[in-house]
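Novice: Take this structure, written in structure tokens, and hold onto it; I'll ask about it next.
The values are calculated or read from the model by the stated rules, or taken from the named source; none is laboratory data. In this text, all values refer to a predicted model and were calculated from it rather than measured experimentally. Cβ atoms come from the backbone with ideal geometry, glycine included; neighbour counts cover every protein chain shown.
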């Protein structure tokens, strides 16, 4: 046995022929009989018998199809027969079927309003014919019911409406079905019968009122467990039934109907005990005793209560025998319940005589757009419809088209309305409405100016006709507020919303849905302004209203849930956002119209997927960054971020009463100050310092003789100041060292000398970093790309970036008063338009930036990224607005080490770049004078850089004259952007002045030597970069620790969850794990990437392919070659669908397949895939791209295994040639390839080819390979 959860009938498991009389006894006429019989045997035996009892029969031999039918008919009562089937009946019955009795508050107002609209419609004989014809089609195979239809056509009269309703015929079944299901089209067909029953009940009530007294009526039935729970939860509230309620004065008869014998886990027996007090009912729906009218006569003492009647639930409890539930109700007045104000307002708007346009308008308000379209369509094609009714239909159809997103159709309908009004000389009272609706369409299309123009026309018309306080202005003001909010004119929007609210207060009850609509609009504006807390207050206020006054499946509720979800998503409260998106989707899914074209339905489903993805990302980021410190320099507190360091060595320095004052003064000159009381620690610091660090020493005489002889020759030592000098000191010859300046005592003179010398040193001796294109191990290109990434980074967090830089500066200069004052000034008054002026003030920020650029300190460069970008933008602006001579020279001077001079000599004729903002002047003599005045310390050389600038160079970093931007504009200064590229034309030493002259020429970045690889890599950068882009570049540079840091910092500093960027990070972290041979972690990351992509609403097949390719690499490195090949082939299937756009990716897959087959020792397949990869890369990569060298090297290694040394040497030689164009002679790549070549020639000594390949030059190569290889790998 199994019971349908929303029916009083029991499903029967048949094992013998069904007795049709038993079925009739079960009152099957109200239901569908569904048989599940795998063998179709029993059903065939009883089909003819069942036809005589009921015409609605369904037979299935497949459980899935049977279950689908039940799910697709949620509003039906179903008898389910399961015959010889292994499927349990309960498996077929679901809880998705709608309730037999409507018990919710939210639909009552509109349902009752619909009935009132029907009751006020004029009925004609054609209405009878329409219903009869419809029923004939429904019962075409039922001879018995066709006889009833014929009889109804002949005998029906208004005064017999109740009699016909109480008969067991199609009238009772179809009308109750329509009432239960809320199918407005069917109810419309029965409108004359509903109206006649109402009129007859009303007449009977008026006649019986004199003798009616307080009575108890009873109604028995079975209800679902869910309905019973709802009744229990609604005690103290109001309900209505979606049908005419038949009751009796006989409690015993009601007990019989309650069907106590058929109680199951899903149904309960219930008796409704209804108190009726006619003396208190002044405005209730009519009810009356109908025993004298009923088809069954007076035996049942039957009363009939008009549909839409309101009842108050007094209590719900078990009866004394504990066999059934008793629900105590009291019939109410219409003005008694909580929605009476809304009822009255809706009724006030209803005309005395209604028509199809009124029904269409009401259905549209209820969200039943499909039904509304039917009524509008019938109205348009009907006879004798007024122009007013027709125009309302066009307006309604236009509004529905707008909701579906068909804006052109919406405009067409509204234009037809205007045409109709113009041809019929209609009054202007409709014009304001048409213009208002047109405005909404234009607003949706994004044409806000045209929308505002239409609305202002509508306001003008409405004011002329109705006055300034008319209710017609209400909606217009609301729509004007919406249009202005879309234009981001928020003050104007709030002004119109306030006007609308004042009008609504004057005419609408507090709980009217239109007042909630205004709350939604106000909330939308606050949401746009990121005032989420305020927006949420208005949304919740609207939700509280609409959840009580709108049907639960109204599209406006769905839109509201959607908006609330959007708000929570913006607040990054994804769990709550997801709940609201799901509610929106559920409402859209359950719309009575079931309209799949509604634009909100697909949007809600997409949002559910998108927010699910965001939750996955949120969890991933939380797990990944749980113990990660994203703060810049968190592990670098004891580090000098300027170029110069000052070491002070004196055993008694702290005992000097003036020492603290001196320390403060000296820190104002050189911030990085270290104090030592012995030479050992000081010497250790010097030995551990980098060669490019500039160290200034202040040493007491007693320690100088020990320290200076040991450290004077180090290039890091710039100068040594000795105080307390005496004759003994001179005896040791300390003062004769070239870098030493001696003083009698520690006095202000020492501090003044240090300050004066430092000003000169910062101009001439501050180190610079020169990169050489052909000998910088690729760092030349990498640095240019890093700069490009920094310049392309988005500016959305600029204020946050500034605060971060200020915090860093405050940490580093906490005890340096002048620098703190500068930092605070910078924070208070910095602007991007004066970036160059701030840079040239040469305070701590300038020094920090210069060192960060020189040392490629990425953490510091990231902190300075907004400043670098502003400097670039201002230079670019000045460059474009200034005019230069076609050819001119500029100069700058530097003291550089002898080793750096040697590098310049070796790079003659090469392309170089300078990792700094390069300050130059046109006055050569001034530069020479500063070089002459610089102290010669023996370890550095004076160099004059002479730059020839040809303005014909097109693609160059910006440069500009900046003198007019500075406080001192007496000297014309030209500033070049960091990373500017030059051609090193010549370098030679002037024997007269002992100064090196380096001639440079400004170089176009399209220069052939530079353009190929750099331009290719630059073109692969995103238009708008982020820290993830930096992480990716660092990963390609094989700086995995830095790459990981910036990937994770990017994840912790996201403003919004941009899925693509985050999955790029996940894949990047996975690839780093691959490079580190952490196969399990690599698999974890790449599987996570696939999981996230799978959850997205719009999935990217290319993203799947990329993850598949990464998984293939991970499985190869894990020695699971079959899985590696499988994932590679899956990736290829996707990439090949658009081969022309995915050639690079296909080449990578072929490369991995080559590596996989090589590892499997299937060398022929390895060579095959390597060659396929090479064929692609030679077409799409520059000639000397390092990836080509890697491929040639791979091919060479396979030929080496196959003992084909000829091909090995050929491929290694090509790889070597490419490496030479990208890396320095001492790079690991070149050392490794030389080693491979050497090993090959050694092997060839044992073959017949030894004479051909092992000549003197090749022997040299073997030796050189070994020596370079040992040298490079000994550096670690």
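Novice: I'm checking my understanding of the structure. Among residues of region 506-549 that are in contact with a helix residue (DSSP H, G or I) (Cβ under 8 Å, 6 or more places away or on another chain) and over 27 Å from residue 571 (Cβ atoms), which one is surrounded by the fewest Cβ atoms within 10 Å (Cβ to Cβ)?
Specialist: 510
Novice: Return yes or no: is residue 439 buried (at least 24 other Cβ atoms within 10 Å of the Cβ), out of contact with any strand residue (DSSP E or B) (no Cβ under 7 Å at 6 or more places or on another chain) and without any contact (Cβ under 8 Å) to a residue 40 or more places away in the chain? Write out each step before concluding.
Specialist: Details: buried (at least 24 other Cβ atoms within 10 Å of the Cβ): yes; out of contact with any strand residue (DSSP E or B) (no Cβ under 7 Å at 6 or more places or on another chain): yes; without any contact (Cβ under 8 Å) to a residue 40 or more places away in the chain: no.
Taking the combined requirement at face value, the residue does not satisfy it.
Novice: Evaluate the following for residue 1143: is it touching a helix residue (DSSP H, G or I) at 6+ places or on another chain (Cβ under 8 Å) and either crowded, with 21+ Cβ neighbours inside 10 Å or touching a residue at least 24 places away in the same chain (Cβ under 8 Å) (or both)? Can you show your working first?
Specialist: Working: touching a helix residue (DSSP H, G or I) at 6+ places or on another chain (Cβ under 8 Å): yes; either crowded, with 21+ Cβ neighbours inside 10 Å or touching a residue at least 24 places away in the same chain (Cβ under 8 Å) (or both): yes.
Answer is yes for this residue.
Novice: Residues being over 20 Å from residue 1132 (Cα atoms) and without any contact (Cβ under 8 Å) to a residue 40 or more places away in the chain: count how many of those fall in region 1165-1186.
Specialist: Summing the residues that are over 20 Å from residue 1132 (Cα atoms) and without any contact (Cβ under 8 Å) to a residue 40 or more places away in the chain in region 1165-1186 gives 0.
Novice: Further, regarding this structure: Taking the criterion of being modelled with pLDDT of 85 or more and buried (at least 16 other Cβ atoms within 10 Å of the Cβ), would at least one residue in region 465-480 satisfy it?
Specialist: We begin by selecting, within region 465-480, every residue modelled with pLDDT of 85 or more; these are 480.
Now restrict to residues that are buried (at least 16 other Cβ atoms within 10 Å of the Cβ): 480.
Yes - at least one qualifying residue is present in region 465-480.
Quick grid of which residues meet (1) loosely packed, with under 15 Cβ neighbours inside 10 Å; (2) in the same structural domain as residue 615 (by TED's automatic domain parsing); (3) touching a residue at least 60 places away in the same chain (Cβ under 8 Å):
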site	(1), (2), (3)
1091	yes, no, yes
1105	no, no, no
1108	no, no, no
1111	no, no, no
1116	no, no, no
1119	yes, no, no
1125	no, no, no
1131	no, no, no
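Novice: For region 176-192, give me the residue count where each residue is part of a helix (DSSP H, G or I), within 13 Å of residue 135 (Cα to Cα) and more than 50 Å from the chain's Cα centre (by Cα).
Specialist: Result for region 176-192: 0.
Novice: How many residues does region 161-175 hold that are farther than 13 Å from residue 134 by Cβ and at pLDDT 85 or above?
Specialist: Residues of region 161-175 farther than 13 Å from residue 134 by Cβ: 161-169, 172-173.
Those left that are additionally at pLDDT 85 or above: 161-167, 169, 172-173.
Residues meeting the conditions: 10.
Novice: Something else: Keeping to region 349-399, report how many residues are more than 16 Å from residue 419 (Cα to Cα) and not in a helix (DSSP H, G or I). Don't jump to the end; show me each part of the working.
Specialist: We begin by selecting, within region 349-399, every residue more than 16 Å from residue 419 (Cα to Cα); these are 349-379, 381-385, 399.
Adding the requirement that they be not in a helix (DSSP H, G or I) leaves 349-355, 366-368, 382-385.
Residues flagged as more than 16 Å from residue 419 (Cα to Cα) and not in a helix (DSSP H, G or I) within region 349-399 amount to 14.
Novice: Can you spot a residue in region 1189-1201 that is in the same structural domain as residue 1108 (by TED's automatic domain parsing), part of a helix (DSSP H, G or I), under 44 Å from the mean Cα position of the chain (by Cα) and more than 30 Å from residue 912 (Cα to Cα)?
Specialist: no
Novice: Which condition number does residue 147 fail, the rest of (1) surrounded by fewer than 21 Cβ atoms within 10 Å (Cβ to Cβ); (2) closer than 28 Å to residue 373 by Cα; (3) without any contact (Cβ under 8 Å) to a residue 60 or more places away in the chain being met?
Specialist: Single failed check for residue 147: (2).
Novice: Restricting the search to region 361-388, which residues are within 19 Å of residue 552 (Cα to Cα) and either in contact with a helix residue (DSSP H, G or I) (Cβ under 7 Å, 6 or more places away or on another chain) or at pLDDT below 75 (or both)?
Specialist: 361, 362, 363, 364, 365, 366, 367, 368, 369, 371, 372
Residues checked against (1) over 57 Å from the mean Cα position of the chain (by Cα); (2) under 22 Å from residue 333 (Cβ atoms); (3) buried (at least 18 other Cβ atoms within 10 Å of the Cβ); (4) in contact (Cβ under 8 Å) with a residue 60 or more places away in the chain:
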residue: 222; (1), (2), (3), (4): no, no, yes, yes
residue: 225; (1), (2), (3), (4): no, no, no, yes
residue: 229; (1), (2), (3), (4): no, no, no, no
residue: 232; (1), (2), (3), (4): no, no, no, yes
residue: 236; (1), (2), (3), (4): no, yes, no, yes
residue: 242; (1), (2), (3), (4): no, yes, yes, yes
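Novice: Next question. Identify, from the list 817, 846, the residue that is surrounded by fewer than 19 Cβ atoms within 10 Å (Cβ to Cβ), within 30 Å of residue 773 (Cβ to Cβ) and over 33 Å from the mean Cα position of the chain (by Cα). I'd like the intermediate steps shown before the answer.
Specialist: Details: 817 fails: within 30 Å of residue 773 (Cβ to Cβ).
Testing whether each residue is surrounded by fewer than 19 Cβ atoms within 10 Å (Cβ to Cβ), within 30 Å of residue 773 (Cβ to Cβ) and over 33 Å from the mean Cα position of the chain (by Cα) leaves just 846.
Novice: Quick one: which residue in 161, 247 is crowded, with 21+ Cβ neighbours inside 10 Å and assigned to a helix (DSSP H, G or I)? Even if it seems obvious, please write down each step before you answer.
Specialist: Values: 247 fails: assigned to a helix (DSSP H, G or I).
Going through 161, 247 in turn, the sole match is 161.
Novice: Specify which of the listed residues (428, 449) is at pLDDT below 85 and either touching a strand residue (DSSP E or B) at 6+ places or on another chain (Cβ under 9 Å) or surrounded by fewer than 16 Cβ atoms within 10 Å (Cβ to Cβ) (or both). Spell out how you get there, then give the answer.
Specialist: Numbers: 449 fails: at pLDDT below 85.
Only one candidate qualifies: 428.
Novice: Right, next: Which of the following residues is out of contact with any strand residue (DSSP E or B) (no Cβ under 9 Å at 6 or more places or on another chain), surrounded by 18 or more Cβ atoms within 10 Å (Cβ to Cβ), at pLDDT 85 or above and on the phi < 0 side of the Ramachandran plot: 1002, 944, 1034? So that I can check it myself, show each step before the final result.
Specialist: Working: 1002 fails: out of contact with any strand residue (DSSP E or B) (no Cβ under 9 Å at 6 or more places or on another chain); 944 fails: out of contact with any strand residue (DSSP E or B) (no Cβ under 9 Å at 6 or more places or on another chain).
So the residue among 1002, 944, 1034 that is out of contact with any strand residue (DSSP E or B) (no Cβ under 9 Å at 6 or more places or on another chain), surrounded by 18 or more Cβ atoms within 10 Å (Cβ to Cβ), at pLDDT 85 or above and on the phi < 0 side of the Ramachandran plot is 1034.
Novice: Here's a follow-up. Does residue 619 qualify as being within 24 Å of residue 1050 (Cβ to Cβ) and at pLDDT 80 or above?
Specialist: Yes.
Novice: Also, I was wondering about something else. Residue 195: at negative phi, under 60 Å from the mean Cα position of the chain (by Cα) and at pLDDT below 85, yes or no? Break it down into steps so the answer makes sense when it comes.
Specialist: Working: at negative phi: yes; under 60 Å from the mean Cα position of the chain (by Cα): yes; at pLDDT below 85: no.
For residue 195, the condition - at negative phi, under 60 Å from the mean Cα position of the chain (by Cα) and at pLDDT below 85 - is not met.
Novice: OK, next. From the set of residues in region 1093-1103 that are touching a residue at least 24 places away in the same chain (Cβ under 8 Å) and in a helix (DSSP H, G or I), which is nearest to residue 611 (Cα to Cα)? Show your work before the answer.
Specialist: The initial filter retains those residues of region 1093-1103 that are touching a residue at least 24 places away in the same chain (Cβ under 8 Å), namely 1093, 1095-1098, 1101-1103.
Filter once more, keeping what is in a helix (DSSP H, G or I): 1093, 1095, 1101-1103.
Working: 1093: 12, 1095: 9, 1101: 20, 1102: 21, 1103: 19 Å.
So, considering only residues that are touching a residue at least 24 places away in the same chain (Cβ under 8 Å) and in a helix (DSSP H, G or I), the one nearest to residue 611 (Cα to Cα) is 1095.
Novice: Which of the following residues is farther than 30 Å from residue 917 by Cα, modelled with pLDDT of 80 or more and surrounded by 19 or more Cβ atoms within 10 Å (Cβ to Cβ): 718, 754, 740? Steps first, answer last, please.
Specialist: Numbers: 718 fails: farther than 30 Å from residue 917 by Cα; 754 fails: farther than 30 Å from residue 917 by Cα.
Being farther than 30 Å from residue 917 by Cα, modelled with pLDDT of 80 or more and surrounded by 19 or more Cβ atoms within 10 Å (Cβ to Cβ) holds for just one of 718, 754, 740, which is 740.
Novice: So, one more: Out of (1) buried (at least 16 other Cβ atoms within 10 Å of the Cβ); (2) modelled with pLDDT under 90; (3) in a helix (DSSP H, G or I); (4) in contact with a helix residue (DSSP H, G or I) (Cβ under 7 Å, 6 or more places away or on another chain), the odd one out for residue 1243 is which?
Specialist: So the condition that residue 1243 fails would be (1).
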